[in-house]
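These notes concern the structure reproduced below.
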Amino acid sequence: MAREVGRVRIGELAETTGTTARALRHYEQAGLISSERAPNGYRVYDERAVVRVRNIRYLLASGLTLDDVRVFLPCLDGDVAAAPPSGEGLRVAFERLAVLNERIAAQTAARDRLEAALRRTTGGRIRPAA
């Protein structure tokens with residue numbers, strides 16, 4: 001079966017963008033991408049969705065959440081990494097950075113407590129015995 005020109009099915013979009021069909025359905029449910037239904041019921045996307053999905057994945061890999069990504073909707077169809085940041089985009093990024101820094105600090109403190117406990121109970125040895 002030939003595909004429509006300018007249209008891709010969910011599996012093709014997933015493969016092209018290095019994601020999964022499940023993730024694409026999640027992005028769609030979050031309102032970040034949209035599809036139409038083919039006569040056979042399959043989801044079909046405009047070929048331009050490739051750029052949008054790659055940008056979504058870039059922003060998610062940068063530590064943003066799907067809710068955070070919504071702020072970037074106006075620029076998801078271009079080169080989001082090279083676009084000048086908006087005030088709202090900067091605000092969201094700084095807020096997410098603060099959250100990540102808090103999590104890192106909490107994880108570092110937990111690691112340090114565990115390491116100290118291991119040192120106390122193993123006579124200073126923190127590596128497992130071979």
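Would you please name the residue that is farthest from residue 75 (Cα to Cα), looking only at residues in region 10-53 that are basic (Lys, Arg) and surrounded by 18 or more Cβ atoms within 10 Å (Cβ to Cβ)?
For region 10-53, the residue satisfying everything is 43.
Could you tell me whether any residue of region 88-106 is under 14 Å from the mean Cα position of the chain (by Cα) and part of a helix (DSSP H, G or I)?
Yes, there is a match, as at least one residue in region 88-106 is under 14 Å from the mean Cα position of the chain (by Cα) and part of a helix (DSSP H, G or I).
If I ask for residues that are within 13 Å of residue 63 (Cα to Cα) and touching a residue at least 24 places away in the same chain (Cβ under 8 Å), which ones from region 76-94 would you list?
92, 93
Kindly list the number of the only condition in (1) within 21 Å of residue 26 (Cβ to Cβ); (2) part of a helix (DSSP H, G or I); (3) modelled with pLDDT of 95 or more that fails for residue 73.
(3)
Yes or no, residue by residue, for (1) of a type in the set (A, V, I, L, M); (2) on the phi > 0 side of the Ramachandran plot; (3) modelled with pLDDT of 95 or more; (4) in a loop (DSSP other than H, G, I, E, B):
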| site | (1), (2), (3), (4) |
| --- | --- |
| 13 | yes, no, yes, no |
| 24 | yes, no, yes, no |
| 32 | yes, no, yes, yes |
| 51 | yes, no, yes, no |
| 55 | no, no, yes, no |
| 58 | no, no, yes, no |
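Within region 1-11, track down each residue that is under 23 Å from residue 67 (Cα atoms) and outside any helix (DSSP H, G or I).
Within region 1-11, no residue meets the criteria.
Given (1) farther than 26 Å from residue 12 by Cβ; (2) modelled with pLDDT of 95 or more; (3) surrounded by fewer than 12 Cβ atoms within 10 Å (Cβ to Cβ), identify the lone condition not met by residue 97.
All conditions are met except number (3).
Hey, residue 64 hits all of (1) over 25 Å from residue 7 (Cβ atoms); (2) of a type in the set (A, V, I, L, M); (3) in a helix (DSSP H, G or I); (4) modelled with pLDDT of 95 or more but one; which does it fall short on?
Only one criterion is unmet by residue 64, namely (3).
The values are calculated or read from the model by the stated rules, or taken from the named source; none is laboratory data. Note that the structure is predicted; figures quoted are calculated from it, not measured. Glycine also receives a Cβ, built like all others from the backbone with ideal geometry; neighbour counts cover every protein chain displayed.
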